[in-house]
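Structure first, then comments.
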Amino acid sequence: MKKSLLVLTTLALGISLAACGKNDNSNNASNNGASSSAPASAAISGAFSAAGSTALQPLVDQASKKFMDLNKDVTITVNGGGSGAGLSQVAEGTVQIGNSDVFAEEKLKDADADKAKELVDHQVAVVSIAAVSNKDVGVDNLTKAQLVDIFTGKVTNWKDVGGKDQKIVLVNRPASSGTRATFENFALGAKSEDLPDSITEDASGTVRKLVSETPGAIGYLALSYLDDTIQALKYEGVEATAENVASGTYPVWAYEHMYTKGEPDGALKAFLDYMLSDEIQGTDVKDLGYIPVSDMKVTRDVEGNVTNK
């Protein structure tokens, strides 16, 4: 009887140990499987605002909608207002991203120079600016000298630059506009004054509408706003195309900056990383008429100096 009890006890103990060993092996296999697979990304949540450049606005607006579709707990508000306004607002903390066509140091200087030092630059694309006219002016190309004469009021009729006998109507941007700064720096080579008879408008969509509907009108727009309602003018015989910009042949371009006050984190960082992802750079950037920074064969510094990569 004692011998039978001893055998039964030994068998039970063996079965128990085998079961424990099996469970340990199963747990180890499960842990090994988890470590070999990519961990699930943490849920992203938060709300923030971006404001500034209307030239950059179409890209940021489209990318933000896609990002919010992927991250349901994130809310992004995108507004225009011009580069100067965007830089001032992000420096003051009223928005979390300041969109700008120019370097912060170009706008925030003198008494505001310290504000520029607090901002972190995220270059997400290159924008090119083209002079545009009403389709009926009879001109498709202007030289730098002719543009200077037009925007300084020296030439007031299209016939003086090879076009129709028609009064030139200027559609300019406010002084705070980054698009204006880019056009003046790299198309005109100098700042221009606001002429009494000119129209001033910051919103790029409105500029396009005014130029298309106003006989004799001339203005300037980012390539992302060009369509068949207006005429894009060649500059010194060179068309404003992505290829000509990337090669450095067409000189009227600038980086598109998304500035933050300090290094971003959380949802803000995730969105800025998304802006630089292949999904945005390889599709949205190009589809909307911008140029990926990686495609550029030249670089430009804050002083405007261009060098080959």
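The values are calculated or read from the model by the stated rules, or taken from the named source; none is laboratory data. This one's a predicted model, so the numbers in the text were calculated from it and none came from an experiment. Heads up, the Cβs are rebuilt from the backbone with ideal geometry, glycines too, and the neighbour counts pull from every protein chain shown. SASA here: full protein model, heavy atoms, side chains in, ligands and nucleic acids out. Shrake-Rupley method; radii C 1.70, N 1.55, O 1.52, S 1.80 Å.
Numerical summary
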item	result
Filter result for Leu195 (in a strand (DSSP E or B) and either more than 27 Å from Lys286 (Cα to Cα) or open to solvent by 20 Å² or more (accessible area, probe 1.4 Å) (or both))	no
Subset of segment 68-93 (residues that are on the phi > 0 side of the Ramachandran plot and open to solvent by 10 Å² or more (accessible area, probe 1.4 Å))	Gly81, Gly93
Identity of the residue in segment 207-242, modelled with pLDDT of 95 or more and assigned to a helix (DSSP H, G or I), that ends up farthest from Ala131 (Cα to Cα)	Glu213
Identity of the residue in segment 205-227, in contact with a strand residue (DSSP E or B) (Cβ under 6 Å, 6 or more places away or on another chain) and hydroxyl-bearing (Ser, Thr, Tyr), that ends up surrounded by the most Cβ atoms within 10 Å (Cβ to Cβ)	Tyr220
Hits in segment 170-192 - residues which are within 12 Å of Phe151 (Cβ to Cβ) and either buried (at least 23 other Cβ atoms within 10 Å of the Cβ) or not acidic (Asp, Glu) (or both)	Leu170, Val171, Asn172, Arg173, Arg180, Phe183, Ala187, Leu188, Gly189, Ala190, Lys191, Ser192
Failed item, numbered, when Gly162 is tested on (1) farther than 18 Å from Trp253 by Cβ; (2) touching a helix residue (DSSP H, G or I) at 6+ places or on another chain (Cβ under 9 Å); (3) surrounded by 15 or more Cβ atoms within 10 Å (Cβ to Cβ)	(3)
For Tyr255: the one exception among (1) surrounded by fewer than 17 Cβ atoms within 10 Å (Cβ to Cβ); (2) touching a strand residue (DSSP E or B) at 6+ places or on another chain (Cβ under 7 Å); (3) in contact (Cβ under 8 Å) with a residue 12 or more places away in the chain	(1)
Residue match in segment 121-134 (condition: farther than 12 Å from Leu56 by Cβ, free of Cβ contacts under 8 Å to residues at least 60 places away in the same chain and surrounded by fewer than 22 Cβ atoms within 10 Å (Cβ to Cβ))	no
